């Protein structure tokens with residue numbers, strides 16, 4: 001039951017999570033999934049099936065730039081880098097999330113702070 | 001220098017437009033084909049490890065329907081991901097087979113993943129870029145195809161001419177298919193061939209460029225461009241391309257929309273041939289040599305043979321027994337000569353003239369005696385139904401005086417003569433009649449006895465059909 005709720009909560013937040021971890025530097029797909037999981041101490045782990053469509057959609061929108069490069073271990077990998085458009089999108093999504101989470105905390109906590 | 005400024009600006013803009021469109025096409029071509037810099041080679045099915053992984057990627061790829069480079073990238077990326085994921089699971093203690101199943105399960109159903117990736121790639125922004133880029137590339141392709149078409153058409157013309165000359169040298173004479181001898185039909189054939197090539201290149205440029213920019217498989221966008229190309233170029237070919245026409249040229253023009261459709265589909269997955277710098281230089285030099293060669297041949301031919309201008313054709317009047325009436329123009333085919341007794345003194349006419357243009361062949365006869373003009377109303381008071389008749393004529397370039405072609409027993413066009421002072425005029429639109437050339441126009445009228453007589457032996461000429469393919473197809477015989 002808890003996993004299902006978490007999945008529902010994660011829906012729509014993949015973009016925010018991806019942009020957030022890429023703000024710190026270039027990463028490839030598997031690393032992005034790992035980094036999200038690490039940063040949230042395992043609380044968030046976006047579905048791998050939805051990660052790549054999200055990455056490619058962000059690239060199509062100009063929020064990310066992808067390039068193939070040799071990696072430290074193994075073959076060439078597709079690295080993603082956040083663009084100026086992506087930084088703007090991140091700020092917008094982060095503000096929306098902050099507003100949403102504050103409202104949700106107030107509603108769930110039962111307080112009525114102004 | 002200032003006077004040349006507009007020309008320089010126009011030429012510069014044209015060259016910049018061509019360079020930009022070729023650059024756009026090349027960029028799109030890179031997206032549509034996996035080159036040496038693409039990662040596709042690292043993701044061949046046999047190199048992705050277990051057959052389950054290859055099968056998963058194949059099912060996912062089948063749903064992508066993206067250009068080749070995108071498919072290769074997606075496969076490579078997911079293969080890398082699976083490799084990392086499996087290695088991580090094995091480190092956690094999973095057996096290899098279970099690790100593979102677990103890793104594949106985390107990616108979800110392959111068809112759904114492929115569908116989501118396709119949606120992600122084929123954004124509305126890219127669709128609009130593809131549509132705009134396709135139109136832009138089509139414009140550049142049309143210009144380049146037009147230039148290439150000129151070279152091809154000229155080469156084809158020279159090859160056919162050489163073949164005909166060769167056959168004639170060995171005694172084989174091919175039947176004439178053009179119906180006239182002034183080269184107008186050949187020109188229209190060359191022009192139609194040029195547009196044909198330009199249409200093919202433009203449509204192909206549009207499909208390949210829009211596919212690359214919109215991240216769609218060429219065959220997917222080909223449907224749109226086939227319809228658009230057939231409509232636009234079909235309209236251009238059938239209704240807007242005006243000039244001398246014949247069945248061969250009309251046939252070629254009707255092929256243009258078909259060529260647009262074929263160019264959009266036939267082997268559209270194959271990359272456009274790379275046109276190198278030397279190919280362009282050789283084409284331009286060939287074109288210049290060809291044009292100079294044809295010009296030299298024309299000058300040579302026109303200096304050794306001439307044709308009589310139309311104005312020198314004899315105007316023969318019924319009662320006129322001068323030497324100018326001696327040639328037999330077969331005028332008896334039309335009607336008997338008008339008896340001199342029924343015409344007042346002062347007849348015949350001072351002369352006739354004709355002039356030709358896109359608006360028709362204008363026939364003008366002037367009545368007079370010596371230098372004084374006579375009133376048409378006074379001369380023809382006893383005559384009714386005065387009209388000009390256009391008859392098929394014998395070819396002008398053949399030996400003999402020419403005149404009316406006796407195989408015909410009736411005129412192919414008739415116009416009432418409009419009187420104005422001492423003039424009778426009529427306008428014939430031979431340029432909108434098929435097979436009207438060469439023609440011979442005479443003046444006839446119904447005499448006091450109720451029979452039709454020939455008043456003026458008339459004049460002959462030739463004029464090409466001038467109009468669109470549609471005008472040709474709908475023209476009266």
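Quick note: the coordinates plus some simple rules give every number you see, no bench work behind them. All values derive from a computational prediction rather than experimental measurement. Neighbour counts run over all protein chains shown; Cβ positions are idealised from the backbone, glycine included.
Side notes on the structure shown:
- Counting other Cβ atoms within 10 Å as a rough exposure proxy, the listed residues A:48, A:70, B:112, B:253 run A:70, B:112, A:48, B:253 from fewest neighbours to most.
- Separation of the residue B:52 and residue A:92 label points, Cα + 7 Å toward Cβ, nm: 4.2
- Neighbouring partner chain Cβ atoms per residue of B:80-88, average, 10 Å criterion: 5
- Note on residue A:102/residue B:187: beta-carbon distance plugged into 1/(1 + (r/R0)^6) with R0 of 56 Å gives a FRET efficiency of 0.10.
- Listed by Cβ neighbour count within 10 Å, with the fewest neighbours leading, B:269, B:77 appear as B:269, B:77.
- The slack in the chain from residue B:19 to residue B:254, taken as 0.36 nm per residue of separation less the alpha-carbon distance, amounts to 81.5 nm.
- Spacing of the two label points (7 Å from each Cα toward its C-beta) at residue B:159 and residue B:146, in nm: 2.4
- Separation of the stretch B:48-104 from the stretch A:53-90 is 19 Å, based on Cα centroids.
- The gain in end-to-end length when the residue B:242 to residue B:296 segment is fully stretched comes to 16.7 nm, 0.36 nm per residue minus the alpha carbon separation.
- Calculated FRET efficiency for the pair residue B:125/residue B:409, C-beta based, R₀ 60 Å, to 0.05: 0.25
- FRET efficiency for the residue B:90 to residue B:227 pair, using the beta carbon distance and R₀ = 51 Å, is estimated at 0.45.
- Sorted by Cβ density within 10 Å, fewest first, the residues B:7, B:427: B:7, B:427
- Taking every residue in A:58-65 and counting other chain Cβ atoms within 10 Å of its Cβ, the average works out to 2.
- Length gained on full extension, residue B:328 to residue B:341: 2.4 nm, using 0.36 nm per residue less the C-alpha separation.
- Distance between the 7 Å Cα→Cβ label points at residue B:378 and residue B:167: 6.2 nm.
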